[in-house]
Ligand SMILES: Cc1ncc(COP(=O)(O)O)c(C=O)c1O
């Protein structure tokens, strides 16, 4: 029997309509050519819109940014008439920039499903395909076997924590890194090492810390390992998991070599401590799907959490950590459009030459870092230090590395047409979540804006 659902999915008439719709939007977006200044005649209207958003949500916006819904590649149009070069991409959501045609078509196709949001009791094809694909890519270079969908990175992390606690019950505590960021739920705020993100919240005394790798300290590995051992000794059978970001995000875009992680993992294995890679930010960005692949540490991973680029969240886990019925559930597992778009993101990355040491991501990384270093050695001498990171995650320490100067520079860059964000806790760094579709020409445009902005402040 031929199913009616297959007729919808395979109808050439529907496919043509979806393509026509996408093409009509692309044709209009072609008019976005590159950065554009604010139009003075739109400033008042934009200010009203921004005030409206701030009033409704009760909190100011960091930038006076309201998008019009139009964008092309790394460029996005705002209601003040300006077009920005967007190098932050919703803090990592839009890996292919704005209005990517294949993603737009996948999103529209997803929206033709009979339901808008899918749940765990009644999954549709998109849920099936995305979980299957995640389990498949995760299992290539690790023991991870299953994928459980959520709608945020924080919730993916909460589920990972519950799996670790249940399997290693009654162990309660987790070991996390200094300067870690894990999300915004109560427990993820506890794991996050930033007092500004938890003012007024109680301390639950469930998190122990070790320092992340410090490339300026030759004893860095020994120090972290010694402290880790001390925590394990002092909290016998009360540590359920070790959570780490393979490359630290909010904490300053700090990178560590494989040798830093291995001795920590060995202690975990000896003591029944789950090894949990928080890849919410690194997923799809480091030149492989997972940073644990880029670092060659996959065999150790018990739990891995992803979100952002996936357009959904997910907890990946080994058979051993598969929880008992009842532990994880939740009404929402993702909208039909975002589930279909997440699947498309993975397909494009794998099939269109983005991954691997010679892939497009590696090329963008090298060109962007070279550009920052060139500026630091020439016109912006010493004002853009320590450019580094992995893949599409790049940071640099601007000016004197203080919070004030970094924040001011962000505003100057924004005025000059480039939007990005900060990270780190001292030095305070300029952070870029580069779109994977960035061309050499776009990097030249970024170079000009960064140079102009740094010199304006120097
Ligand atoms: C490493 C890491 N973990 C967890 C989260 C939380 O994800 P979400 O904001 O989707 O809840 C983030 C978000 O920035 C993150 O960078």
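The values are calculated or read from the model by the stated rules, or taken from the named source; none is laboratory data. Being a predicted model, the structure only gives us computed values, none of them experimental. Cβ placement follows ideal geometry from the backbone for every residue including glycine, while neighbour counts extend to all protein chains displayed.
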message: Residue pairs, Cβ under 9 Å, 6 or more apart or interchain, first in region 274-291 and within 19 Å of residue 165 (Cα to Cα) and touching a residue at least 40 places away in the same chain (Cβ under 8 Å), second part of a loop (DSSP other than H, G, I, E, B) and near the ligand (Cβ under 10 Å from one of its atoms). List them.
response: 278/180; 278/181; 278/182; 278/183; 278/245; 278/246; 278/249
statement: Those residues of region 319-365 that are part of a loop (DSSP other than H, G, I, E, B) and closer than 18 Å to residue 113 by Cβ come to a total of 3
Within region 177-208, tally of residues that are over 22 Å from residue 225 (Cβ atoms) and either out of contact with any strand residue (DSSP E or B) (no Cβ under 7 Å at 6 or more places or on another chain) or modelled with pLDDT under 95 (or both): 21
field: Filter pass, residue 91 being touching a helix residue (DSSP H, G or I) at 6+ places or on another chain (Cβ under 9 Å), outside any strand (DSSP E or B) and within 16 Å of the ligand (Cβ to nearest atom)
entry: yes
query: Does residue 171 qualify as being within 12 Å of the ligand (Cβ to nearest atom) and either surrounded by 16 or more Cβ atoms within 10 Å (Cβ to Cβ) or not assigned by TED's automatic domain parsing to the domain that holds residue 236 (or both)?
result: no
Number of positions in region 94-103 that are surrounded by 21 or more Cβ atoms within 10 Å (Cβ to Cβ) and away from the ligand (no atom under 16 Å from the Cβ): 6
query: Which condition number in (1) within 16 Å of the ligand (Cβ to nearest atom); (2) in a loop (DSSP other than H, G, I, E, B); (3) closer than 23 Å to residue 345 by Cβ is the one that residue 141 fails?
result: (1)
- prompt: Got a sec? Which helices (runs of 4 or more DSSP H) wholly within region 192-306 have at least 3 residues that are more than 16 Å from the ligand (Cβ to nearest atom)?
  reply: 220-234, 258-270
Residues located in region 188-203, provided they are surrounded by 12 or more Cβ atoms within 10 Å (Cβ to Cβ) and over 15 Å from residue 177 (Cα atoms): 197, 198
Residue 136, sole failed condition from (1) surrounded by 15 or more Cβ atoms within 10 Å (Cβ to Cβ); (2) not in a loop (DSSP other than H, G, I, E, B): (1)
message: Please go through region 428-448 and give me each residue that is touching a helix residue (DSSP H, G or I) at 6+ places or on another chain (Cβ under 8 Å) and either over 25 Å from residue 363 (Cβ atoms) or crowded, with 22+ Cβ neighbours inside 10 Å (or both), ordered by number.
response: 428, 429, 430, 432, 433, 434, 435, 436, 438, 446
field: The one condition in (1) under 20 Å from residue 159 (Cα atoms); (2) in contact (Cβ under 8 Å) with a residue 60 or more places away in the chain; (3) assigned to a loop (DSSP other than H, G, I, E, B) that residue 316 fails to fulfil
entry: (3)
field: Set 313, 334: member being touching a strand residue (DSSP E or B) at 6+ places or on another chain (Cβ under 7 Å), within 16 Å of the ligand (Cβ to nearest atom) and over 22 Å from residue 143 (Cα atoms)
entry: 334
message: If the requirement is being farther than 25 Å from residue 354 by Cβ, modelled with pLDDT of 95 or more and surrounded by 23 or more Cβ atoms within 10 Å (Cβ to Cβ), which of these qualifies: 157, 124?
response: 157
